Amino acid sequence: MIIIDKLAYSSRLRYKNPTLKAIFAVGTLLICVGARSSIVSVVTLAAMAGLTVLSSKISILRYLRLMLIPLGFMVLGTIAIVVNVAEAPMDLLSVPMGGKYLAVSHTSLNEGMRLVAVALASVSCLYFLTLTTSMLDILSVLQKLRCPKIMIELMMLIYRYIFVILDMANAITISQNCRLGNQDFMTELRSAGQMLAVLLVRSMKKSSALFDSMESRCYDGEIKVLNESYPVEIRDTIGVASFLLMMLAIAMFL
């Protein structure tokens, strides 16, 4: 099991109603994105991070490391907004390039920082859902929303196959390291290429064997899964509604 899956199954909110958790996370995300306010984003990020850390068996440092994964992509994507090619120098930073300037203004910098804040807050909402809800519960919520069965089955198979590929990749990597396949950079690079090539072939064979085993068990195009039933508690419903109304009031006030 990958770390996110382990944290989801060990969370204190594991047996709370998944539909209510999805409404809480997605509702907060929509309010945050719709408001596009730094204050709303900071409140959302603090609330979601606090709830996730307190409810899951995850340390603050591990949560911060998880947040650093999307942060790098956000910063790289924001550079195109912050840095502009202008005809005239701007107020914050201007680097002459031929007849034009590579410039940064206070407005573009503020816009970039606000965009990063909104994106981080949105990611924290999704982290709350994934770190407190198992994949099967999320799929059950999608079934209640009448999502196409083919989409749900593909998500289930892809999620299951992630573990298969990770196990094969880990076994191949351990075998290569035992044979000094990482003694220098070029050897490690060559080993990585060989590992990916072998992994492709083995994953194709595994997928074929998986389909044969499903057909031998009378697979008719639909995977039957027993979903657990979680009661909706009144206090949880009141808490979710109160938080969403508070966030909506803050967004409308700002």
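Values quoted throughout were computed directly from the atomic coordinates according to the rules given, and no laboratory measurement underlies them. Computed from a prediction, not measured in an experiment: that's the story for all the values here. Quick reminder, even Gly has a Cβ in these numbers, built from the backbone with ideal geometry, and neighbours come from all protein chains shown.
Data for the structure
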{"item": "The stretch 216-254: trypsin sites (Lys or Arg not before Pro) in DSSP loop, at most 14 other beta carbons within 10 Å", "result": "R217, K224"}
{"item": "Sorted by Cβ neighbour density within 10 Å, fewest at the top, the residues F128, F243", "result": "F243, F128"}
{"item": "Simple label model, 7 Å out from Cα along Cβ direction - I158 to F211, nm", "result": "1.7 nm"}
{"item": "Point-charge dipole on Cβ atoms (K/R +1, D/E -1) for the chain, about Cα centre, debye to 20", "result": "460 debye"}
{"item": "Eligible lysines near K16 by straight Cα distance, threshold 27 Å, same-chain separation 8 or greater", "result": "K6, K57, K144, K149, K224"}
{"item": "Radius of gyration, Dmax [the stretch 148-223; alpha carbons; angstrom]", "result": "16.3, 50"}
{"item": "Label-reachable residues, the stretch 51-79, where backbone N falls under 20 Å from a point 7 Å from N110's Cα toward its Cβ", "result": "78-79"}
{"item": "Spatially proximal aspartates and glutamates relative to K100 (Cα-Cα < 20 Å; intrachain offsets below 8 disregarded)", "result": "E87, D91"}
{"item": "Residue exposure sequence - C147, C178, C125 - by fewest surrounding Cβ within 10 Å", "result": "C178, C147, C125"}
{"item": "Relative contact order (%) - the chain, alpha-carbon pairs under 8 angstrom, separation at least six", "result": "30 percent"}
{"item": "Cα→Cβ-extended label distance, 7 Å offset, between K149 and I2, nm", "result": "2.8 nm"}
{"item": "For M168, M247, M186, order by how many other beta-carbon atoms lie within 10 Å, fewest first", "result": "M186, M168, M247"}
{"item": "Label point distance in nm, M97-M246, each placed 7 Å from Cα along Cα→Cβ", "result": "4.6 nm"}
{"item": "Centre separation in Å (Cα based) which lies between the stretch 30-68 and the stretch 86-160", "result": "14 Å"}
{"item": "Which labelled figure in [x] 69, 60, 35; [y] 55, 41, 34; [z] 48, 39, 33 is Cα extents along the principal axes in Å, once derived from the coordinates", "result": "[x]"}
{"item": "Cα gyration tensor shape of the stretch 1-140, rounded if a/c is under 1.5, else prolate or oblate by comparing a/b with b/c", "result": "prolate"}
{"item": "FRET efficiency for M204 and I174, using Cβ-Cβ distance with R0 set to 22 Å, rounded to 0.05", "result": "0.50"}
{"item": "The stretch 113-180 shape via C-alpha gyration tensor axes, a/c threshold 1.5", "result": "oblate"}
